1. Treat every Asp and Glu Cβ in segment 217-293 as -1 and every Lys and Arg Cβ as +1, leave all other atoms uncharged, and give the resulting dipole magnitude about the Cα centre to the nearest 20 debye.
2. Reachable aspartates and glutamates from Lys241, Cα under 19 Å, same-chain residues fewer than 8 places away excluded?
3. At a 10 angstrom cut-off on C-beta neighbours, averaged per residue, how do the peptides 204-212, 280-288 rank from highest to lowest?
4. Kindly report the accessible area of segment 200-239 per residue (heavy atoms of protein chains, probe 1.4 Å, no ligands, DNA or RNA), in Å².
5. Shape call for segment 244-304 from the C-alpha gyration tensor, a ≥ b ≥ c root eigenvalues: rounded (a/c under 1.5), prolate (a/b greater than b/c) or oblate?
6. Under a cut-off of 17 Å between alpha-carbon atoms, report the lysines in cross-link reach of Lys205, not counting same-chain residues fewer than 8 places apart.
7. Quick one: 3J(HN,Hα) in Hz for segment 201-218, Karplus 6.51/-1.76/1.60 with θ = phi - 60°, rounded, Gly and Pro as x.
8. Output wanted: per-residue J couplings in Hz (rounded whole) for segment 50-65, from phi through Karplus 6.51 cos²θ - 1.76 cosθ + 1.60, θ = phi - 60°, x for Gly and Pro.
Amino acid sequence: MVAPDPVDARLLAMIAEMGRAAVHEVAARLGMDPREAATRLITLSGSGLPLLVGVECDPNGIRKALANSVAWGNYAGPGGQAVRGTPSGPYPPVPGTVHGTPSGPYPGYPGPQGPPSTPFPAQPQTGPHVGPPSGPVPLPEPMNTWGVPGTSGWARGDQAPAPRSRTGKIGSTLETEGLEGARFTIQLVEVVDPADFLFTAAGYKLADGERAVVVHTELANIGQVPFNALPDMYLVLMTNKGETVGKAPVSLSSRPPHKIGVQPGETAGGHTVYVLPEDTVIFSVRWSSRPETDLNTLVWTIED
């Protein structure tokens, strides 16, 4: 019998523990891309396991979204330490227990890949036919803001609030919203580059030509809706060539990682680790609530 894939085994163990859950919840608990988790679960379901992968929606909300997509046209879906920023306190580089990947040469982690998004098919409007129109038929007003029905993200363009600043520098605190309507601020506290000594102190090893970077962020939930995701799930580094560097699946004992979930009124901090070629120039740090960028994406520029 072929040994199961370690990631599939973790997915199945989590599903067995939860019994019933949304794909994005399972992915968040395991620190995975929801699209990768969905693809793996569908494959496992088709292999004969007693596993059903389904979907739920608000039918009226989906119909409205499709109707408004017609007005949009082709809618494609949504050796030294340099510390930049204000450190939140002393962190002695004390070696500790290794969490995640065991010690050894660590390859750069490109981040999970998922299937490309495809356009929604336009659906015709239904209703009684009364004959050909006598003039041009006006299209419905386009929606330039998308989100969960019932939240401020689900609004017509003429009702959308004035946009807030989504860009800043190291030390800046920026406000945004999550997919489920949570309102929160994120502060980019500091960027430690290089952070090789922190990486090796935790028991990891860098391959030749690689360096480690550690980013410290703090999320404050300022709304009434809990933030149920991993705060740094889609926190990436942007290079001067326009490329992205995803987080490495490791944690450092001397720099605690983020934990899933921030309740209303709470503030939680954490550290994200990256491994990249040592000659790569970092231009900015970008946060998103999903793999692709949207209106709620935040960007902090890095100045030498």
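1. Working: 6 positive and 7 negative charges, 24 e Å.
That gives a dipole near 120 debye.
2. Asp193, Glu210, Glu278, Asp279, Glu292, Glu303, Asp304
3. Working: 204-212: 15.3, 280-288: 18.2.
Order by mean packing, descending: 280-288, 204-212.
4. Working: 1340 Å² over 40 residues.
Ligands and nucleic acids excluded, the figure is 34 Å² per residue.
5. Cα axes put segment 244-304 in the oblate bin.
6. Cross-link targets: Lys247.
7. Values per residue, Gly and Pro as x: 5, 7, x, 8, 10, 8, 6, 4, x, 10, 9, 10, 10, 10, 10, 9, 10, 10 Hz.
8. x, 9, 10, 9, x, 8, 10, 7, 8, x, 5, x, 5, 4, 5, 4
The values are calculated or read from the model by the stated rules, or taken from the named source; none is laboratory data. All values derive from a computational prediction rather than experimental measurement. Cβ sites come from the backbone with ideal geometry, for glycine too, and all protein chains shown count toward neighbours. Ligands, DNA and RNA are excluded from the accessible area calculation, which covers all protein heavy atoms including side chains. Shrake-Rupley method; radii C 1.70, N 1.55, O 1.52, S 1.80 Å.
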